[in-house]
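No value in this document is a laboratory result; all are computed from the given coordinates. If you're wondering where the values come from, they're calculated on a predicted model, not measured in any experiment. Glycine gets a Cβ as well: all are built from the backbone with ideal geometry, and neighbour counts include every protein chain shown.
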């Protein structure tokens, strides 16, 4: 399939997969389409992905894997149904989806991962370079500690320190500072936000990486524990839309799971999201599932 007419589409096989897909993904994102000749939805999704690969003109390349011809490769990726699509970047699976999504959702999927047509990338490259002079997370913590030390009469500065500690990934120190806040600050919106963020961070203790969670859910969509962990990872990474959808999926699947964890996660997530329209829409969806 890799010919002059389709320079960004090729058939992938176990032989050479490391070079043509994994190594290639260090330079260009690779979308891997697991399909079969007998699969009806594949006949819709496959041509659409090929069209997008052509349109994106090298923004990503499309690797096609016929699961009947490449059973060992399909087994390695735990493919249980077709079509299944996985995104490989930097030599690792970073995301994926089962089933034939509409073209609009596939475009959103690509955009979510920063994949744009190559012409758009070139246009961005022509923009004047902007040099950002920003502090590293560790430097932000140090600056916040110094501010607290030099202005002991301003306890509200501890909220800046807590935010910096969470940004730096020091959950233990952030929790200590939260517990030491005076009563009037403990109920501050920023303190509540930090507490919610801290609780979510705790939920990821010993959790698999996002790519592993995606693989697990592709193989077993009913793994609600993995669904929750994926939602938390995406929430803390700033992907509020996907995170809320994961939590809604928990509610749809089983309201009794882990004492209604889906609903509780949604309520906690609302405190971290600065998009009032998104929160309002999701509250309505949550209410519909409750009532």
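Below are the figures for this structure:
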{"item": "Acute angle (nearest 10 degrees) that the helix 261-270 long axis makes with the longest principal axis of the chain, alpha-carbon atoms", "result": "70 degrees"}
{"item": "Extension gain (nm, one decimal) between residue 236 and residue 201, 0.36 nm per residue minus Cα-Cα", "result": "11.8 nm"}
{"item": "Residue exposure sequence - 60, 200 - by fewest surrounding Cβ within 10 Å", "result": "200, 60"}
{"item": "Relative contact order computed over the stretch 125-269 (Cα-Cα under 8 Å; 6+ residues apart), in percent", "result": "13 percent"}
{"item": "Taking 251, 48, 86 and counting other C-beta atoms within 10 Å, the order from fewest to most", "result": "48, 251, 86"}
{"item": "The chain: relative contact order in percent, alpha carbon pairs under 8 Å with at least 6 residues between", "result": "13 percent"}
{"item": "nm² value of the averaged projected area, convex hull over the Cα atoms of the stretch 170-291", "result": "8.1 nm²"}
{"item": "Calculated [θ] (222 nm, deg cm²/dmol) that DSSP helices of n ≥ 4 give over the chain, each run adding -39,500 (n - 2.57)", "result": "-16500 deg cm²/dmol"}
{"item": "Value of relative contact order over the stretch 9-114, rounded to a whole percent, pairs C-alpha under 8 Å and six or more apart", "result": "36 percent"}
{"item": "Overall Cα dimensions of the stretch 9-114 - principal axes, largest extent first, Å", "result": "31, 30, 20"}
{"item": "Separation in nanometres of the label points that stand 7 Å from Cα toward Cβ, at residue 48 and residue 209", "result": "3.0 nm"}
{"item": "Extension gain (nm, one decimal) between residue 154 and residue 277, 0.36 nm per residue minus Cα-Cα", "result": "40.9 nm"}
{"item": "Read-out Cα extents along the principal axes in Å, derived from the coordinates shown; its label in (i) 59, 49, 33; (ii) 71, 52, 33; (iii) 54, 42, 31", "result": "(ii)"}
{"item": "Shape call, the stretch 137-203: gyration tensor on alpha carbons, a/c limit 1.5", "result": "oblate"}
